[in-house]
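Contents: one structure, followed by commentary.
The values are calculated or read from the model by the stated rules, or taken from the named source; none is laboratory data. All values derive from a computational prediction rather than experimental measurement. All Cβ positions, even for glycine, are placed from backbone atoms using ideal geometry, and neighbour counts span all protein chains on display.
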Amino acid sequence: MHKAKILAIGCTDLRFQKIVDQDLQIRSHYGEFDRILWPGTSKDLRNVLSAALTSLKLHNPEEVLIYEHEDCGAYGDNNSEAAHKSNATKLKKALLKEKPQLQVETLIATLQEIKDL
Ligand SMILES: [Zn+2]
């Protein structure tokens, strides 16, 4: 079985790929992660969780990084940090329920930086 160090979950938005890549390069030996890209990151809990559980089952990562981002088109009118945090926290809880020993970080990307959410 291939073992992943990290599962990275982020949005499809092209504007944030470079900054997320840079963050992953700092945190990990690049290439040692599974990645799920889905519009809205954790907003679509059902589908993102299903994909994440497949990664946990197949590649057993120890750490999950959830990259929300500002100005997300999938969020429509309510693009507040609180809305992103609420959805990211739901995803985090669902993942911890499945694998309690996971380390899960919720993050938000701006065009300039990645910060804790
Ligand atoms: Zn987005």
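Some notes on this structure:
- Note on segment 22-43: residues that are closer than 24 Å to Asp71 by Cβ and surrounded by 14 or more Cβ atoms within 10 Å (Cβ to Cβ) amount to 12.
- The single residue among Ala74, Ala83 that is among the hydrophobic types (A, V, I, L, M, F, W, C), in contact with a Pro (Cβ under 9 Å, 6 or more places away or on another chain) and more than 27 Å from Met1 (Cα to Cα) turns out to be Ala74.
- Within the option set Gln22, Gln17, being within 16 Å of the ligand (Cβ to nearest atom) and in a helix (DSSP H, G or I) holds for one residue only, Gln17.
- Which numbered condition Leu111 fails, given (1) under 16 Å from Lys5 (Cα atoms); (2) at pLDDT below 95; (3) of a type in the set (A, V, I, L, M): (1)
- Residue check for Ser55: modelled with pLDDT of 95 or more and among the small types (Gly, Ala, Ser): yes
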